[in-house]
Amino acid sequence: MHFRSTVFLCTCFSLILTTRLSGQTDPELLPEIPETRVIGQPDPFPATPLGQGDVVTPDRTETSLGTSGSSVTVLTEEQIRATGETYALEVLRNVMGLDVVQSGGPGRNATVFMRGANSNQTKVLLDGIPINDPSSPSRAFDFSFLTTENIQQIEIVRGPQSLTYGSDAIGGVINIITKRGEGPPRVRVGAQGGSFGTWQNDVNISGGGDLAYYSFGTSYFENEGFSAVSQRFGGFENDGYRNANFSGRYGITLGDALNVDYVFRYIDADSDIDNFLADNLIRQNRLNAFFNRVQVQSLAFDGLLENKFGFSLTDYQRLDTDSGFFGTPRFNGQTRVVDWQTNLLVMNNNTLMAGIDYQQEEASSTSLSMQEQSLAGVYVQDRFNFGDMSYTTVGVRWDNHSRAGQAQTYRFTQLFPIYATGTGIHGSIGRGFRAPTIDEIFGVVGNPDLQPEFSKGWDVGCRQQLIDDTLFFDVTYFRNDFNNLIVFDPTLPGPFGGALNNVQSAIASGMETTASCQLTRDMFVNASYTLTDTENLDTGAQLLRRPRNKMTLQVSKSFFDDLATVNLYTNFIGKRRDIDDLGGVTQLNNYTVVNVSGTCWLTDRWQLFVRGDNLTDADYEEVFGFATPGISGYAGLRFVQ
């Protein structure tokens, strides 16, 4: 199967190279330090389309990326589509400061480490909906089932973000923004197949006008897969995967002052899984997840005052078909959030923001009866600038957790742009916290006296544009101090000779460097390097599964007046520590993965797209004992109207 897919891939690329290439090489892809502009937003997103170069995650309201002192990476719809990837986790692998770890192939548990923080210390949002799983032991988000269809952009904000997002936002926030339709009705239909018996199709319909907008997407993916157990441990049985996604965004704008917006995503996925280092021929994980949010947005006093009121619901139902000690494992979790935010344009250079949110989560499993806990927070933040010389945000937040007590957090960001030289000096400092999960409090080794985890994080950096804005680079130093971390404490009484306790501290520091260059009109290059030093302050050891070195290289090339594109993605991941089969600590080898994608417009409606993964057939493990895909190829057609 691999050989046939590779031949098909080479044939498709031969066709592409005899046509003209286009795509992600436009100079607009280069980051910019924008012109001075009024901070206030008289007609903000989603009532109006998100402007080019604008983000919504750092301050929970639309703002220009170039006027933010936060460390932010934005992946646009065009950049996501250029990778040819089906799942968001594969796109995130190319982002500096992020380390993606997956226990096997498609459908197996996948988590993200950001700036050295634990994977459960990254908050994941869908249009502001917190989608971390309350029924999982650590409340970490599993990226394995999140597809890329119907996504407008992904915003990654590094560093503590608890000021605006409360619990879990210690390492940072990843916000997936659903596409907002606009203009005449537009239809996109695609289908592809390839290695490991893969078949995938998707449909997206969108459009909108002054009164209403809509976007609906659906996709179906299945493959025969490969054994999740590494071949060196005898894995041979294919572990297949099936995933159906349905998503949408619908809104209506009633005049100039009122907007009602609704977003949702439903996921139905089944994955064959194995036991640790041993094939299991019948075991499956079955997932049903539903995320949705309704928001009412109003403007008053000619847009000087904006109010947003929202309700979000996240629902998980998971089943492990392998009978456990307490019976067939079932997990159910639900998170409900009510939030309100008001933004007041005090002056043309000053916006005052305040908000209240209340979150209630509940979870149960085969071994745990239904339990619930809540978190209430209030925050205030001021965003102001002095001409085009300084952009500042500063704010504080107070939270009260029903089980773990109170937490106070803050955030300060600063940007000093020097337009004459194309320079920007930026930095931020903040405090984050993570409340204990339901399982950590009520589980088998739980502890009802657990307190929140805390962090203090800061960064400082410089961004620079040169050579008529065709060259851009950014260098940022960061540091995170983690305290009160929850770990197993054998000195406490418990059914297994211990219980969870707040006893650990850790530190992570390093440097993030990125450079982008428009070499020619039709060739664009982006490279990044992330250095991450981590240390468990109690043991002096490096934290698990976080490489010290990560490098990425992306090259896009177009030919013949932009009819087709070829994109090269190369990732180098350095050595990192992990738990071995005997419960000790081992070191995983470094590795390099090379992926290629390409598109070619056959007509003004039909587009051919191809993708080749791990072209050097690198043999590596992201998690000890779990397999990764070898060389593979995929191809398909897309119809756009």
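Structural remarks
- Of the residues making up segment 458-471, at least one is open to solvent by 20 Å² or more (accessible area, probe 1.4 Å), within 30 Å of G424 (Cα to Cα), assigned to a strand (DSSP E or B) and polar (S, T, N, Q).
- Flag set for S136, criterion: polar (S, T, N, Q) and closer than 30 Å to Q341 by Cα.
- Lone qualifier among G225, G251, G255 - being farther than 21 Å from N150 by Cα and surrounded by 21 or more Cβ atoms within 10 Å (Cβ to Cβ): G225
- D468 out of contact with any strand residue (DSSP E or B) (no Cβ under 8 Å at 6 or more places or on another chain) and at pLDDT below 95: yes
- If you go through segment 619-641 and keep only what is open to solvent by less than 20 Å² (accessible area, probe 1.4 Å), more than 22 Å from A191 (Cβ to Cβ) and aliphatic (A, V, I, L, M), you end up with V623, A627.
- Looking only at residues in segment 83-100 that are among the aliphatic types (A, V, I, L, M) and open to solvent by 10 Å² or more (accessible area, probe 1.4 Å), the one that is farthest from H426 (Cα to Cα) is V100.
A quick yes/no check of all residues on (1) in contact (Cβ under 8 Å) with a residue 40 or more places away in the chain; (2) assigned to a strand (DSSP E or B); (3) among the aromatic types (F, W, Y); (4) touching a His at 6+ places or on another chain (Cβ under 8 Å):
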position	(1), (2), (3), (4)
I170	yes, no, no, no
I177	yes, yes, no, no
G190	yes, yes, no, no
F196	yes, no, yes, no
N201	no, yes, no, no
N204	yes, yes, no, no
G207	no, yes, no, no
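- If you filter segment 547-597 down to residues that are out of contact with any Gly (no Cβ under 8 Å at 6 or more places or on another chain) and among the small types (G, A, S), you find that the one that is modelled with the highest pLDDT is G574.
- Every condition in (1) on the phi < 0 side of the Ramachandran plot; (2) touching a helix residue (DSSP H, G or I) at 6+ places or on another chain (Cβ under 9 Å); (3) among the acidic types (D, E) is met by E149 except one, and the failing one is (2).
- Residues of segment 32-71 that are open to solvent by 50 Å² or more (accessible area, probe 1.4 Å) and at pLDDT below 90: E32, E35, T36, R37, V38, P42, D43, Q52.
- Subset of segment 560-598 (residues that are open to solvent by 30 Å² or more (accessible area, probe 1.4 Å), assigned to a strand (DSSP E or B) and over 21 Å from G612 (Cα atoms)): R577, I579, V585, T586, Q587
- All of D302, D274, D261 fail the test of being out of contact with any Cys (no Cβ under 9 Å at 6 or more places or on another chain) and modelled with pLDDT under 90, apart from D302.
The values are calculated or read from the model by the stated rules, or taken from the named source; none is laboratory data. Remember, predicted model here, so these are calculated numbers, not experimental data. We place every Cβ from the backbone using ideal geometry, glycine too, and count neighbours over all the protein chains shown. What goes into the accessible areas is simple: the full protein's heavy atoms, side chains included, and nothing from ligands, DNA or RNA. Shrake-Rupley method; radii C 1.70, N 1.55, O 1.52, S 1.80 Å.
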